[in-house]
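The values are calculated or read from the model by the stated rules, or taken from the named source; none is laboratory data. These figures come from a predicted structure and were not determined experimentally. Cβ atoms come from the backbone with ideal geometry, glycine included; neighbour counts cover every protein chain shown. In case anyone asks, the SASA skips ligands and DNA or RNA and just uses the protein heavy atoms, side chains included. Shrake-Rupley method; radii C 1.70, N 1.55, O 1.52, S 1.80 Å.
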Amino acid sequence: YQPIFSLADEKLSRFEALVRWMHPERGVVSPGEFIPVAEETGLILDLGNWVLREACRQMRDWQLKGLVDDQAAVCVNLSGKQFAQPGLLEQVKETLNETGLSGQCLELEITESVIMENADAACETLRELRALGVNLSIDDFGTGYSSLSYLHRFPISALKIDRSFISNDDNPGIVGTIITLADKLGMEVIAEGVETAAQVAHLKELGCEFGQGYWLARP
């Protein structure tokens, strides 16, 4: 679980649930290795379902123990196959009921490419999820091909700026443009991969609200 902080006051806002495979012989296996295999074999559905339940259970446990604010949320990534599965809405609803976690304390992250594969169907799915009280964010924003005509129709609460833009000094204007766009659309902005004090200062100057990365806290 990697904390996400408000850059203005360094207050904890939410966590992102990250998956690592603790292999008995190979040690820690990165998701870059096993997620593509899970996608190809179809195991991503079982894995994704487990991650969603475990993240919600853990968040509710922390709340009951008074370790986190009742308003803090946990962010869970949805794969393309998960997002397209017919029973997604029921699965999310059941998970919230079983764990006792409020919908507003769950944020589902979907990439641009997954949403834009079938934008009209995605829009309907996102609206149904939003009706459960769940927050929605676009992950790795700026790396896909979002259509602005669709973006304002999606019930998205936050844009996550891809780490490649945060670490790349060659295109300093892109981050500011994304922040301005999000502001116009009434969405929050989360900067990923924040690794230096200079990046934090620059993001604050641009008006970025939230950040996550090794400089702020490791998972």
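Quick one: Debye curve from the alpha-carbon atoms of segment 159-210 only, equal weights, vacuum; give me log10 I(q)/I(0) at q = 0.26 Å⁻¹ to two decimals.
Values, matching the q order: -1.02.
Work out how much length Arg26 to Asn168 would gain on full extension: take 0.36 nm times their residue separation and subtract the Cα-Cα distance, in nm to one decimal.
Roughly 47.9 nm would be gained on extension.
Tell me, what ³J(HN,Hα) does each residue in segment 15-28 have, in order and in whole Hz, if you take phi through Karplus 6.51 cos²θ - 1.76 cosθ + 1.60 with θ = phi - 60° and put x for Gly and Pro?
10, 9, 7, 10, 9, 10, 9, 8, 7, x, 10, 8, x, 6
Using each residue's phi in segment 114-124, evaluate 6.51 cos²θ - 1.76 cosθ + 1.60 at θ = phi - 60° and report the 3J(HN,Hα) Karplus result to the nearest Hz, with x for Gly and Pro.
5, 5, 7, 4, 8, 4, 5, 5, 4, 4, 5
Find how many whole Å separate the alpha carbon centroid of segment 63-124 from the alpha carbon centroid of segment 1-35.
What the calculation gives is 17 Å, centre to centre.
If the label point is 7 Å along Cα→Cβ of Cys123, which residues in segment 147-162 have backbone nitrogen under 11 Å from it?
Within reach of a label on Cys123, which here means backbone N under 11 Å from a point 7 Å along Cα→Cβ, segment 147-162 contributes 149-155.
Can you list the HN-Hα couplings for segment 174-190, worked out from phi with the Karplus curve (6.51, -1.76, 1.60; θ = phi - 60°), rounded to whole Hz and with x for Gly and Pro?
Per residue, the Karplus-derived 3J(HN,Hα) values read 5, 4, x, 5, 5, 5, 5, 4, 4, 4, 5, 8, x, 10, 7, 10, 10 Hz.
Report D for the chain in µm² per second (integer): Stokes-Einstein, Kirkwood Rh on Cα pairs, 37 °C, 0.692 mPa s.
The estimated diffusion coefficient comes to 182 µm²/s.
With N set to the residue count of segment 62-130, report its C-alpha Rg divided by 2.2 N^0.38 Å to two decimal places.
1.22
What's log10 of I(q)/I(0) for segment 1-92 at q = 0.25 Å⁻¹, Debye sum over Cα points only, no solvent?
-1.25
Of all accessible surface on the chain at a 1.4 Å probe, what whole percent is carbon and sulfur?
Roughly 51 percent of what the probe reaches on the chain is carbon or sulfur.
Would you compute, from DSSP H runs of 4+ residues alone, the mean residue ellipticity of the chain at 222 nm, taking -39500 (n - 2.57) per run and dividing by the full residue count, rounded to the nearest 500?
Rounded to the nearest 500, it is -13500 deg cm²/dmol.
For Ala191, which sequence-distant residues (separation of 5 or more, or a different chain) have an amide H within less than 5 Å of its own amide H, given hydrogens modelled in the peptide plane?
Ile161, Phe210, Gly211, Gln212
Keeping all protein chains in place, calculate the accessible area per residue for the chain (probe 1.4 angstrom), answer in Å².
51 Å²
Using modelled amide H (1.01 Å from N, peptide plane; none on Pro or chain starts), what sits under 5 Å from the amide H of Val74, excluding residues fewer than 5 places away?
Here the answer is Phe15, Leu106, Glu107, since their amide H atoms fall under 5 Å of that of Val74.
Hey, could you get me the Stokes-Einstein D for segment 123-166, Kirkwood radius over alpha-carbon pairs, 25 °C and 0.890 mPa s, rounded to whole µm² s⁻¹?
D = 217 µm²/s.
How big is the accessible area of Tyr1 in square angstrom, nearest 10, if you roll a 1.4 angstrom probe over the protein chains?
80 Å²
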